[in-house]
Amino acid sequence: MTTNNHRVAVIGGGMTGLAAAWALQKARKQMPIEYELIEASAQLGGKIQTDVTEGFVIERGPDSYLARKESMTRLAREVGLEGELVRNDTGQAYILKDDQLYPIPGGAIMGIPTEIGPFIRSRLFSSIGKLRAAQDLVIPSFTHENEDVSLGYFFRKRLGDEVVDQLIEPLLSGIYAGDLDTLSLQATFPQFQQLEAKYGSLIRGIKASKGKQSQSQVGKKQGMFLTFRRGLQSFIETIEQHLDEKAIRKKTEVRFCEREGKRYRLTFNDGTVQTYDHVILTTPPYVTGRLLEPYVDVDYMREMKATTVATVAMAFKSEDLHIPYEGTGFVVPRKSRYEITACTWTHKKWRHTTPEGHALVRCYVGKPGSESIVHETDEAIVEQVQKDLDQIMTVKREPLFYKVTRWKKAMPQYEVGHRYKLEKVRQELKKAMPGIILAGAGFDGIGLPDCIDQGEAAVATVLEEIL
Ligand code: FAD
């Protein structure tokens with residue numbers, strides 16, 4: 001490219017990078033800019049990978065997104081894929097305790113009880129555990145506005161250890177694959193801190209905000225998640241089709257990023273070099289840190305932990321699998337002896353994924369401090385998963401096929417102080433490397449809509465700086 005246009009590089013073609021590229025493509029109509037989307041691997045999508053096999057739609061990474069976070073639905077509409085969206089079937093979800101599944105008490109939101117009846121009746125907790133949780137109603141708020149504490153500290157102090165270990169921890173770990181006692185409250189669920197401050201109790205606060213929501217959704221009990229009929233990868237492919245083919249560079253890894261006056265020189269794996277005015281980095285923090293190392297203190301980015309997990313999808317004939325529970329799946333407390341951390345009965349939660357007469361089960365293995373199973377062979381992982389499942393349901397015959405997908409250092413851990421430390425990095429970056437922008441799952445939210453928000457916000461910053 002040899003124009004005088006403002007040149008923007010987007011590094012990383014995952015959800016964040018694609019959202020940024022699409023925003024730049026739209027902006028290009030009004031402004032003299034050019035962009036390039038640079039992706040190390042042979043395909044776009046990053047953590048999003050769908051495998052369509054023998055009529056099954058199998059998600060190897062994420063399987064859906066939270067419907068109330070609207071940016072993903074909006075983006076689907078913009079690329080003409082809204083009609084392909086599917087909402088999950090609702091059903092009972094369970095917690096595994098002592099080789100048995102216990103229903104998550106009705107009304108629990110992220111594990112926080114908001115209805116007294118189902119909570120009192122639940123056999124998941126002892127009477128002492130229930131009484132301790134009720135103290136949330138009388139314990140005054142204890143965190144200060146700008147104070148960050150761990151999720152574990154916050155919830156344990158408000159609701160007690162039992163509710164945290166049996167319910168909140170397995171539910172939240174399902175999202176972050178992290179250790180509740182080190183994860184940052186402010187970087188993950190700041191709304192809980194705000195509710196505590198406003199209502200002096202989590203139970204009262206969540207009940208109040210739930211009340212407001214249900215007034216506007218009377219009678220509509222519907223699933224909270226959305227995905228695409230042909231899988232999340234179909235969304236990635238559709239966005240790709242909307243981008244300028246010449247602006248996408250796959251199998252191109254950025255090796256170095258150097259400042260050259262007011263511009264940035266990127267060196268790629270094939271030894272070639274290109275210069276840009278702005279660079280949006282959507283790579284995982286350890287890669288981003290490596291690229292920026294000569295210019296800013298990147299210790300935080302390099303040290304940030306990320307959990308390694310694997311997903312194991314197994315397809316069965318219906319008659320070969322007996323699940324003695326009605327529902328959509330279960331999660332497993334971290335302290336249990338099981339290797340699986342969660343299991344979705346996908347054919348029940350997402351009916352479109354499974355052909356008639358079949359069943360599809362998807363499990364997770366790998367948790368902080370116990371990730372070694374992920375490095376075993378596929379066969380060993382599947383054997384262990386089946387051993388765990390045998391305690392809960394009857395697997396009469398071997399699966400028709402299975403898919404094991406390892407995700408190494410894939411779930412970034414926002415530990416206490418994350419926001420503050422990240423802000424420091426950004427301030428330093430602004431001075432030493434203006435025009436370099438950080439975005440993506442390692443920074444301001446790991447959910448797919450959060451990644452889209454970050455990609456779009458990065459482009460908004462570029463446009464502001466150009467004007
Ligand atoms: P990535 O998808 O990691 O993309 C980064 C890209 O950068 C990659 O494609 C990589 O190849 C590329 N790259 C790296 N280094 C370089 C380099 N030097 N040069 C060029 N390119 C480079 N979220 C949900 O909302 N719902 C879910 O159900 C859900 N489930 C999940 C299940 C699993 C197993 C995992 C791992 C995550 C899940 N998440 C879920 C989280 C969500 O999938 C991720 O946070 C999100 O996809 C990350 O997108 P990203 O673009 O920020 O990063």
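The values are calculated or read from the model by the stated rules, or taken from the named source; none is laboratory data. These numbers were taken from a predicted model, which means no experiment stands behind them. When we count neighbours, we look across all protein chains shown, and the Cβ atoms used for this are built from the backbone with ideal geometry, even at glycine.
Quick one: which of A108, A40 is touching a residue at least 24 places away in the same chain (Cβ under 8 Å), closer than 30 Å to R337 by Cβ and among the small types (G, A, S)? Talk me through it step by step, then tell me what you get.
Details: A40 fails: closer than 30 Å to R337 by Cβ.
Selected residue: A108, the only one of A108, A40 that is touching a residue at least 24 places away in the same chain (Cβ under 8 Å), closer than 30 Å to R337 by Cβ and among the small types (G, A, S).
Restricting the first residue to the range 430-451 and requiring it to be of a type in the set (A, V, I, L, M), which pairs with a second residue that is in a helix (DSSP H, G or I) and more than 13 Å from the ligand (Cβ to nearest atom) meet a Cβ separation below 6 Å and a spacing of at least six or different chains?
Matching pairs, first to second residue: I436/L429; I437/T461.
Residues L131, L185, L159: which one is more than 19 Å from K367 (Cβ to Cβ) and either charged (D, E, K, R) or surrounded by fewer than 20 Cβ atoms within 10 Å (Cβ to Cβ) (or both)?
Details: L185 fails: either charged (D, E, K, R) or surrounded by fewer than 20 Cβ atoms within 10 Å (Cβ to Cβ) (or both); L159 fails: either charged (D, E, K, R) or surrounded by fewer than 20 Cβ atoms within 10 Å (Cβ to Cβ) (or both).
Checking each option against the conditions leaves just L131.
Starting from residues that are within 21 Å of the chain's Cα centre (by Cα) and of a type in the set (D, E), keep the ones in the range 32-52 and report whichever is farthest from the ligand (Cβ to nearest atom).
Selected residue: D51.
How many of the residues making up the range 73-111 are modelled with pLDDT under 90 and not in a loop (DSSP other than H, G, I, E, B)?
1
Looking at the range 265-291 only, could you name the residues that are surrounded by fewer than 21 Cβ atoms within 10 Å (Cβ to Cβ), more than 11 Å from the ligand (Cβ to nearest atom) and not hydroxyl-bearing (S, T, Y)?
R265, D270, G271, V273, Q274, D277
Sort out for me the helices (runs of 4 or more DSSP H) sitting completely within the range 145-194 that have 2 or more residues that are among the charged types (D, E, K, R) and either without any contact (Cβ under 8 Å) to a residue 40 or more places away in the chain or within 16 Å of the ligand (Cβ to nearest atom) (or both).
On the way: elements: 151-159, 169-176, 185-188.
Helices (runs of 4 or more DSSP H) meeting the threshold: 151-159.
Per-residue answers, yes or no, for (1) assigned by TED's automatic domain parsing to the domain that holds V331; (2) touching a strand residue (DSSP E or B) at 6+ places or on another chain (Cβ under 8 Å); (3) among the hydrophobic types (A, V, I, L, M, F, W, C):
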site	(1), (2), (3)
P368	yes, yes, no
V395	yes, yes, yes
W407	yes, yes, yes
D444	no, no, no
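Can you tell me which of A21, A9, A27 is at pLDDT 95 or above and surrounded by fewer than 20 Cβ atoms within 10 Å (Cβ to Cβ)?
On the way: A21 fails: surrounded by fewer than 20 Cβ atoms within 10 Å (Cβ to Cβ); A9 fails: surrounded by fewer than 20 Cβ atoms within 10 Å (Cβ to Cβ).
Result of the check over A21, A9, A27: A27.
Taking the conditions exactly as written (within 14 Å of the ligand (Cβ to nearest atom), surrounded by 19 or more Cβ atoms within 10 Å (Cβ to Cβ), at pLDDT 95 or above and not assigned by TED's automatic domain parsing to the domain that holds D450), does E70 satisfy them or not? Give the derivation first.
Details: within 14 Å of the ligand (Cβ to nearest atom): yes; surrounded by 19 or more Cβ atoms within 10 Å (Cβ to Cβ): no; at pLDDT 95 or above: yes; not assigned by TED's automatic domain parsing to the domain that holds D450: yes.
Against the criterion (within 14 Å of the ligand (Cβ to nearest atom), surrounded by 19 or more Cβ atoms within 10 Å (Cβ to Cβ), at pLDDT 95 or above and not assigned by TED's automatic domain parsing to the domain that holds D450), E70 does not qualify.
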